[in-house]
1. Give the peptides 242-251, 256-265, 119-128, 157-166 in descending order of average Cβ contacts within 10 Å, highest first.
2. For the stretch 286-349, which chymotrypsin sites (Phe, Trp or Tyr not before Pro) are in a loop by DSSP, counting at most 14 other Cβ atoms within 10 Å?
3. I want to make sure I understand the PRE zone here: with the label point 7 angstrom from the Cα of MET345 toward its beta carbon, which residues in the stretch 253-291 have backbone N atoms less than 16 Å away?
4. Would you kindly derive the ³J(HN,Hα) couplings of the stretch 303-308 from the backbone phi angles with the Karplus curve 6.51 cos²θ - 1.76 cosθ + 1.60 (θ = phi - 60°), listing them in order in whole Hz, with x for Gly and Pro?
5. Could you please report the charge total around ALA264, scoring K, R as +1 and D, E as -1 over all other residues with beta-carbon less than 11 angstrom from its beta-carbon?
6. Considering the Cα trace of the stretch 316-361, what is its radius of gyration and what is Dmax, both in angstroms?
7. Length gain on complete extension for the stretch ILE319 to HIS127, per 0.36 nm per residue less the alpha carbon to alpha carbon distance?
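The numbers here are math on the coordinates, done by the rules we state, and not lab data. Just so you know, these numbers come straight off a predicted model, no measurement behind them. Every residue, glycine among them, receives a Cβ derived from its backbone with ideal geometry; neighbour counts consider all protein chains shown.
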Amino acid sequence: MDNFAERIRMHVDRTILGKVIAENIHNALGALVIGVDSTLDKRIINKLQQLGYEEIWVYKDNEDENRDDDSTALEDELSQDIEMNNDEPHKIYAIIKNSIESMMESIEDDKQISYKKIYSISDMLIHKFNDHGDLLQMIKYFKSMDKTTYSHSIVVGLLCLMMGRWMDFKETKIRDLVCAGLLHHIKESKMTEKYLSTMDDGTSEKLRDPNEYAEFVYESMQKNFGMNLDITLGVLQHQEREDGSGYPMGLKGEQTHEFAKIIAIVDTYDNLMSQYVYENEQSAFKVLEIFFNNSFGLFSPKYLHVFLNNISYFHLGDIVTLNTGKQAEVIFINTNYISRPIVKMDDVYIDLFENKELEIM
């Protein structure tokens, strides 16, 4: 390949099939395992994933130029619409919701959609919402607007954005996580029902091997939507649970993709917030308590710890009502028991962890 050919960095998944590698690939010991100018086939992609490569340099072709132009145009169009209405949250909400709604309806009708549109929405959200405080305020506004699946999907996507940053993921990985969060409800689509209904007993048993399952799911989703493997498994496995009590495959622990583990947490959190806070006007600390007390064995401790500890700090300064009927201000978060913070009431500081007779309603 021409030494002056333009290169781009791409995620290691089936979307790079047929492209030409623009760098030498080495293993952990420094030995050359894949040479520059190699054409990427399924075997080489699997090898790259085994070596732990998330992204590699490949030579750019005409398809990439068109993809970049289209994706950038879509993101710019969305961003310009939002910038024009920056001080009007309801218009921002409408723009994002309409984009998601249009995309979801296409999926429900078994129409092909371009992953470029999904990426453009995800990139726009990442670049628009840099401050987590502003992001949470926008989430609260979105929840106050309606309780549709589309609203929930947007909120889950935004919570995935926060989690990706808290986990210090690379931006491309955050983008894919946000995409999976935005699309997690396509699990209930006609395409997925069709996929599940085609599995006879032999196929179903075979798919209990996580590798076989991942391959089958990937081929199905890639054919219809062009999604990469990370997004695909994040969508289709988010109802799995650590103890194997989830579905559709009853996967346990590390059999489940990390995106699915994260979506499982933020999806459940948003559902609880809808039930207890937005509908019954209870405190977010009640949600944290319910989540904490009922999460054992269901969610990944690694991601649950990061999420609950970080999300709880956004409730510092909240005015809460205690079971005595009196109000208090949240002053300090107890990281060992986040639903029982230190509060201030009538200039008196009360540690709710030490005062078990008191609780936040």
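1. On the way: 242-251: 16.3, 256-265: 24.9, 119-128: 20.9, 157-166: 22.5.
The most tightly packed comes first, giving 256-265, 157-166, 119-128, 242-251.
2. Qualifying residues, ordered by number: PHE296, TYR337.
3. Once the point is set 7 Å along Cα→Cβ of MET345, 283, 285-286 turn out to lie under 16 Å by backbone N, inside the stretch 253-291.
4. For the stretch 303-308, the Karplus-derived couplings read 7, 5, 4, 4, 5, 5 Hz, x marking Gly and Pro.
5. Combined, the nearby Lys, Arg, Asp and Glu give -2.
6. That works out to 9.2, 26 Å for Rg and Dmax.
7. Extra length from ILE319 to HIS127 when fully extended: 66.0 nm.
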